[in-house]
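First comes the structure, then the notes that go with it.
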Amino acid sequence: MNVKQIMSPKVITTRPESLLKDVARTLTEYGISGVPVVDDQGTVVGVVSEADILVKERGPKPRHEGLGAWILRGGVADREKLAARTASEAMTAPAITIAATRSVSEAARLMIDEGIKRLPVVDLQGKLVGIVTRSDLVRVFAREDAEIEREIREDVIRSALWLDPQGIEVRVERGEVTLAGETDYRLDAEILTHLVERVPGVVAVQSTVGWRFDERETKLGEHDPHVPLESQAR
């Protein structure tokens, strides 16, 4: 599943020249934690979040630790945000964004690693096309077992690995996946487990999928019984 499938295409945005007071009103009115800042071309140039505005609310940090520690702990950046009057002066830039084609698991990793609640979604030109939030990811995780099973069969087994879905038994119960069956190659069986673990909504994976041929044991010059001799000679 990719980000485009779960994002919201309608995004509340603000302009670089917007007054910070107006940005705060926008966050309050729509009940959101941040807004992308976009230029005339629709390109995301930054994000103004609640945290950026709270710097103004909190006021200056005490400098009792000394100038060096104050700078290292973000004192200079705070000073600039304290003086900010517009979105461009208060925003965090460059913005952390994600492409619409990236996976949902990648979006989750970015949010956790960067400590953010929402990700602007951009196209190849960096133009804003949507927004994905933590609540969007939680909603996907909570989906029904039947939907998870369908994605495993169609998107993982058939589309990603080019395997015959009839050869793999898939059972999903409360997000716990059980895989059984057989593949031609050991690598396919191992990759299958890893890909299924990354399907949104999967809690755990137990696999007894076997294989008919272990390619790692093939020695130089040894005939692979699954590949015609004339193909190996090329």
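Has the range 160-180 got any residue that is open to solvent by less than 80 Å² (accessible area, probe 1.4 Å), out of contact with any Phe, Trp or Tyr (no Cβ under 9 Å at 6 or more places or on another chain), small (Gly, Ala, Ser) and modelled with pLDDT under 95?
yes
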Quick test for you: out of 94, 120, pick the one residue that is open to solvent by 60 Å² or more (accessible area, probe 1.4 Å), within 30 Å of residue 24 (Cβ to Cβ) and not in a helix (DSSP H, G or I). 94
Please go through the range 37-74 and give me each residue that is open to solvent by 80 Å² or more (accessible area, probe 1.4 Å), in a helix (DSSP H, G or I) and at pLDDT below 55, ordered by number. 67, 71, 72
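Mind checking which residues of the range 21-36 are crowded, with 16+ Cβ neighbours inside 10 Å and over 24 Å from residue 122 (Cβ atoms)?
Matches in the range 21-36: 24 only.
Just to verify a result, which residue in the range 97-116, among those that are hydrophobic (A, V, I, L, M, F, W, C) and part of a loop (DSSP other than H, G, I, E, B), is least open to solvent (accessible area, probe 1.4 Å)?
So the first thing to find is which residues in the range 97-116 are hydrophobic (A, V, I, L, M, F, W, C), and the list is 98-100, 104, 107-108, 110-112, 116.
Remaining after also requiring part of a loop (DSSP other than H, G, I, E, B): 100, 116.
On the way: 100: 18, 116: 38 Å².
Across the range 97-116, the extreme among qualifying residues is 100.
Could you identify the single residue in 143, 186, 198 that is open to solvent by 80 Å² or more (accessible area, probe 1.4 Å) and at pLDDT below 95?
On the way: 143 fails: open to solvent by 80 Å² or more (accessible area, probe 1.4 Å); 186 fails: open to solvent by 80 Å² or more (accessible area, probe 1.4 Å).
Testing whether each residue is open to solvent by 80 Å² or more (accessible area, probe 1.4 Å) and at pLDDT below 95 leaves just 198.
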Taking the range 10-20 only, how many residues are open to solvent by less than 100 Å² (accessible area, probe 1.4 Å) and closer than 21 Å to residue 134 by Cβ? 4
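Please verify whether the range 155-163 includes one or more residues that are free of Cβ contacts under 8 Å to residues at least 40 places away in the same chain, under 18 Å from residue 106 (Cβ atoms) and within 25 Å of the chain's Cα centre (by Cα).
Within the range 155-163, the first condition is being free of Cβ contacts under 8 Å to residues at least 40 places away in the same chain, and the residues that meet it are 157-163.
Those still in the list that are under 18 Å from residue 106 (Cβ atoms) too: 159-160.
Applying the additional criterion that residues be within 25 Å of the chain's Cα centre (by Cα) yields 159-160.
Scanning the range 155-163, I find at least one residue that is free of Cβ contacts under 8 Å to residues at least 40 places away in the same chain, under 18 Å from residue 106 (Cβ atoms) and within 25 Å of the chain's Cα centre (by Cα), so the answer is yes.
The values are calculated or read from the model by the stated rules, or taken from the named source; none is laboratory data. Everything numeric in this text was worked out from a predicted model, so none of it was measured. Using ideal geometry, Cβ is built from the backbone for each residue, glycine included, and neighbour counts are taken over all protein chains shown. Ligands, DNA and RNA are stripped out before the accessible areas are found, and what is left, the full protein with its side chains, is counted by its heavy atoms. Shrake-Rupley method; radii C 1.70, N 1.55, O 1.52, S 1.80 Å.
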